[in-house]
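Below is one structure, written out as structure tokens; comments come after it.
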Amino acid sequence: MVLSCSNLEPRGTGDLGLVIERASGSVVLVETTGRTALARIEGLGDLSHASAVFSRDGRYAYVFGRDGGLSKVDLLAARLERRVIQAGNSIGGAISQDGRIVAVANYTPGGIRLFDAATLEPLSEVRTGAKVVGIGDAPGNRFVFSLFEAGEIWIVDASAPAQPQVLRLKGIGKQPYDGFVTPDGRYYLAGLFGEDGIALVDLWNPQAGARRVLEGYGRGEEPLPVYKMPHLRGWAAAGRYLFLPAVGRHEVLALDRVTWKEAARIAVHGQPVFAVAQPGGRRVWVNFAFPDNDVVQVIDTADMRVLREIRPGRAVLHLEFTPRGEQAWISSRDDGAVVVYDTASFAELARLKAESPSGIFLAARAFMTGF
């Protein structure tokens, strides 16, 4: 299934991506034209909650491991270039607009650390005293993130990475659990676990602070137990709307990006985890928390309704699309497979073996989703 590095032919990186093998500390290098696995790259540590970003030329991936490891992977050589342990427990990261700085978000001891993207040498640290969640990169070589315990959003200007400048926005809401920068780079949104609502910051005017949107979307209704925290990312931007998983509810919320008001609630199969917009914005694909995690539903964004339901396998953890949107790549952890679908016909095109696969990250797709 997987070829050795020496058998790799010269190619561009726009066709390449990584599949995280969460249980074995490895990643699988894949290509999307032929829908094949090219190599397995090992030695990346604890990848139980791993994510990745790419260098500006698309050659390198930076993988953020749960054990505090930051790994630089050479996609063309299919090898681990360098790995550093920079904290006790990390939860993601981002790369600056100019591609020079990698920021790692940490649970333990909290804060973020900045690294030189070329060498992985440390540049500076921003201490927060609290868990960092929802980190994203914004125009102007800025990084934006939330503090779960403190209920704050911080904006770090890393233009001078040895001396980053920090803007703290306090009182944004209870327990922000994840966040994202919209694809146009203008807004940062943080989901709130401790209350119903979303904190919104205009990055053109961050000094104005955060405002609340979707406030009280579950008010007056009995909250459901939360089996898995949903994830918020700019993937779910589709035209005028953002499609967001509702915490603890069997709903996807459509948020109007012009009025910042609720446009629709779409009833779905279970508690949504990821809502990912297919390139073009006509459809949004959704996966779900246990015990409903063998199903993916596809929402038609014009009609605001579920159009199709598919069952890729047990424990669907992540969804991704090729840049032009003709293929959907879906990981099924418990079946040890990544399943590729034709997005027009919903036909299964390929099923690649992988060890407990979770995140799927495609190099070219990363540059089409904005900040």
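Here, each number is a calculation from the coordinates, and none is a lab measurement. Predicted, not measured: the structure shown is a model, and the values here were computed from it. All Cβ positions, even for glycine, are placed from backbone atoms using ideal geometry, and neighbour counts span all protein chains on display.
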Original post:
Of K174/K228; K131/K170; K72/K353; K131/K228, which ones are farther than 21 Å apart at the Cα?
Top reply: K72/K353
Subject >> Net charge dipole size for the range 75-133 [Lys, Arg +1 and Asp, Glu -1 on Cβ; Debye, nearest 20] >> reply: 180 debye
Subject >> Within the range 19-136: Cβ-based charge dipole about Cα centre, in debye rounded to nearest 20 (Lys, Arg +1; Asp, Glu -1) >> reply: 140 debye
Original post:
So what's the gap between the Cα centers of the range 77-137 and the range 150-203, to the nearest angstrom?
Top reply: 17 Å
Original post:
Going by average Cβ neighbours within 10 Å, how do the peptides 23-35, 326-338 rank, with the highest at the top?
Top reply: 326-338, 23-35
Original post:
Looking at the P(r) of the range 231-371, how many percent of alpha-carbon pairs lie beyond 18 Å?
Top reply: 51 percent
Original post:
Given [x] 27, 49, 14, 6, 3, 0; [y] 28, 61, 11, 0; [z] 31, 61, 8, 0, which label gives P(r) over Cα pairs in 20 Å bins from 0, in percent as computed from the coordinates?
Top reply: [z]
Subject >> Within a Gaussian network of the chain (alpha carbon springs, distance under 10 Å), most fluctuating of V226, V181, V73 >> reply: V226
Original post:
Taking +1 at the Cβ of each Lys and Arg and -1 at the Cβ of each Asp and Glu, which of V276, V258, G239 sits farthest along the dipole of the range 210-342 towards its positive end, judged by Cα position relative to the Cα centre?
Top reply: V258
Original post:
For the chain, with only Lys/Arg (+1) and Asp/Glu (-1) charged at the beta-carbon, what is the dipole magnitude about the Cα centre, in debye rounded to 20?
Top reply: 300 debye
**OP:** Quantify how much of the Cα-Cα distance distribution of the range 325-368 extends past 16 Å, in percent.
**Re:** 42 percent
Original post:
In whole percent, what relative contact order does the range 279-337 give with Cα contacts below 8 Å and a gap of six or more residues?
Top reply: 28 percent
Subject >> Protection proxy ranking of 309-322, 196-209 - average other beta-carbon atoms within 10 Å, highest first >> reply: 309-322, 196-209
